[in-house]
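What follows is a short report on a single structure.
The values are calculated or read from the model by the stated rules, or taken from the named source; none is laboratory data. Since the model is a prediction, treat every value here as computed from it, not as a measurement. Cβ: placed from backbone, ideal geometry, glycine included. Neighbour counts: every protein chain shown.
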Amino acid sequence: MTAIIPDHLVLAVLPEYPPVAESIAYQLSGLLVVLLALGGIWLMLETIGALFRRSDGEAKSRAAAPTDSPSVVEPRIEPVDVANEPISPSLTHALIAGTVHAAFQGRARIMGVAAVPSPEVQAIIAAAVHSIFDGRARIVAVKPLNTDTSWAREGRRDIFVSHRVR
Amino acid sequence: MPSGFIEYLQTTGFALLTWKMLVMWAVAGVLLWLAIRKGFEPLLLVPIAFGALVANLPTRGVLTADLRPDGLYETATFTVEGHLVEAPAGEGGDEVSNVQRMRVTRVEGGLFDFISQGIKLELFPPLIFLGVGALTDFGPLIAMPRTLLLGAAAQLGLFITFMGANLLGFTAKQSASIGIIGGADGPTAIFLSNKLAPELLGAIAVAAYSYMSLVPLIQPPIMRLLTTKKERVIRMKRLRPVSKLEKLIFALVVMIVCVLLVPDASALIVMLMLGNFLRECAVTERLVKASQNEIINVLTLFLGTSVGLTMHGESFLAPETIKIILLGVVAFGFSTAGGVLCAKLMNVCSPRNPINPLIGSAGVSAVPMAARVSQVEGQRYDKNNHLLMHAMGPNVAGVIGTAVAAGYFIATLGH
C-alpha cells in the first residue's frame, strides 16, 4: 500500500545549494532520526530481552526446586576426570574414524594408524577428545597399541558387543 | 570489391570508437584486475567492470543510450509502438474521459534496456535485501542491543559528506547520494542514487563497492588513531543465547518501527526483515535457500552488470567522478570514526560493562568485512580476545541505520 505523506510531515526541504547553517541543521536532524529509530529499537529489545531473561530464570528455578515425589531422579552429571585414565583403543579408533569421516564426508578410508602418531593424527585425536568431553579432558599421552592385530581384535569386539547375539 | 569492402567497414563498430571509450576500457581493465587478482568484492566488481566494458563498445541490441539536451546520457530506454483504441460505447463517462487506451504492437529495446528496469523501477536493491536478510543472523545484536547505537553513530560520515559534497558544487540530492557511500551498503546506495541522482549512479556504485572491499585498509589506521592500547584489549562479556522467538519478534519490531519512522525506506526494510523472518521461523527452508542463493545471485549479476552499463565514457569521464571517489573516502573515514567515538562515549556512561571501541568501526555496514577487521585488530593486541561476534552486532545495526538514513534523505529530498 502506498502511503501519501502530507506536506507538513516532510521533515525538511532543502534548496539545491543550502547555506552552511541550514545544511548543518539538516544533517543534525538526519542523524537524530537515525538515532531515534535505532535507539527506539534498542529500548524495545532491552524490554523484550528482560522479559525473556526473566521467564528463563523462572523456568530454571522451577527446574532446580526440590519436588515432593522423588520417584524420578534426574541423573547428576559430574565432570569426567579422564586426565589420568588411558583411553581405550576402541574409543581412540572410533574417535579417529568419526573425525576423519566428518572431515572428509565419508570420502576417506583409514588404512591404518602409524605406531607413532603423526602431528596431524595427534591434532585429530585432540580435536575429537575436546569435542566429545567438552574441554573437560586433557590428553596426557597417546600410546600406540603393540600390534596391528589388537586393532582388528578391538574392531571385532566392538562389532560383536554392538549386536545382540542369540 | 574494394569499394564494397570499405562500405562494409563503415558499418562495423570501428567507425564509432571514441577516445573516451578506449579510456573506459582501461578503467574496466583496472576494475577487473582489482576484482580477479586482488579479490576486491569480485562478485560485484566483475559484473560492474564487464558492464562498463560493454557500455563502451558500439553494441547493438544490448543497451540504448541517448544523449539528452542537458548533456547527460540516458540509458535503458525502450520504444513502445502501438495505436490508440477507441473506448467502447457505454464505457465512457466523466470518470474515464481522460483515459486513453493503446494497443501495443511492438516493443523495441536491447537486452539490458529491459533488465536495467530492475534498477530504474527500484526492484533489485529491495530484492537483494531479501537475500541479505535471509543470510543475516541478528542474534549478536539482539543479545547486546545497545550496539544499535554504534550502528547509528557510524552514519556520521553520511551527513558530514553531504555538506562536503554540497560545498564542492553538487546539488542537495546529489550530495545525499554521494554521502550514502559512507554507509558501505551497496544496494542502499544504488537505491538512493537511482531515486535522487540517477546521473551519478555508476560512479557512486563503483566508489561504494570499491571502498567496501578496501575496508581492511581504510579502517585500521583510524581505529588505532582514536583508541588507546588499554581500550583495544578490553574484553567484553560473553553474549547470551537468543531464542528463536526473540529473533522472530525482533524482525517484526524492527520492521514496524522503521516503517513508521521512515516510510520511504519501507521497501528495503520490509524485504530485509521478510528474508530474516523466513530464516528464523525455520519452516520455510526452501524459500530461505532460494533467497540465500538463487535469488540474490541472479539479482547481483543483473544489478552489477546494469550498473556497469551506466558507466558510459561520455558521462563517467568527468571531474565529478574524481570528486565522488574522494568524497567516498571521507564518508568512510567519518563513519568509522563515528562508531569508534560512540563506543568510547558509551564506556564513559557505562564503565561497568565496557565495550571494546574497536567494534564501533563495524557500525559501517560492509557485512561481515568490517566485523572481521575489528576481530583482526583486537587480536593484534590480545591474541585471546575474540571480538567477531560482538562486532556483528553493530555491523548488522549499520545495515538498518543506513536504510533509515536513506529513508530520511528520500523523505526530505525525493518528493
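When the helices (runs of 4 or more DSSP H) confined to the range B:196-291 are screened for residues that are touching an Asp or Glu at 6+ places or on another chain (Cβ under 7 Å), among the small types (Gly, Ala, Ser) and within 14 Å of chain A (Cβ to nearest Cβ), those reaching at least 1 such residues are found at B:244-261, B:266-281. Restricting B:308, B:313 to residues that are surrounded by 17 or more Cβ atoms within 10 Å (Cβ to Cβ) and either within 14 Å of chain A (Cβ to nearest Cβ) or within 19 Å of the chain's Cα centre (by Cα) (or both) narrows the list to B:308. Applying the condition of being more than 8 Å from every other protein chain (Cβ to nearest Cβ) and touching a Leu at 6+ places or on another chain (Cβ under 9 Å) to the range B:154-172 and asking which residue is surrounded by the fewest Cβ atoms within 10 Å (Cβ to Cβ) yields B:168. With the requirement that a residue be surrounded by 11 or more Cβ atoms within 10 Å (Cβ to Cβ), at pLDDT below 75 and more than 28 Å from residue B:308 (Cα to Cα), what does the range B:68-90 give you? B:87, the sole residue that qualifies. Here the condition is being of a type in the set (Gly, Ala, Ser) and either in a loop (DSSP other than H, G, I, E, B) or modelled with pLDDT under 90 (or both); of B:306, B:315, B:335, B:361, it holds for B:315 alone.
Does residue B:240 qualify as being touching a Lys or Arg at 6+ places or on another chain (Cβ under 8 Å), of a type in the set (D, E, K, R) and surrounded by fewer than 19 Cβ atoms within 10 Å (Cβ to Cβ)? Considered against the rule, which asks whether it is touching a Lys or Arg at 6+ places or on another chain (Cβ under 8 Å), of a type in the set (D, E, K, R) and surrounded by fewer than 19 Cβ atoms within 10 Å (Cβ to Cβ), residue B:240 comes out as yes. Taking the criterion of being outside any loop (DSSP other than H, G, I, E, B), closer than 18 Å to residue B:205 by Cβ and in contact with a Lys or Arg (Cβ under 9 Å, 6 or more places away or on another chain), the residues of the range B:135-188 that qualify are B:165, B:173, B:177, B:178. The sole residue among B:128, B:142 that is within 9 Å of chain A (Cβ to nearest Cβ), over 21 Å from residue A:21 (Cα atoms) and in contact (Cβ under 8 Å) with a residue 12 or more places away in the chain is B:142.
What residue, of B:329, B:262, is within 20 Å of the chain's Cα centre (by Cα), surrounded by 17 or more Cβ atoms within 10 Å (Cβ to Cβ) and over 30 Å from residue B:115 (Cα atoms)? Answer to the check: B:329.
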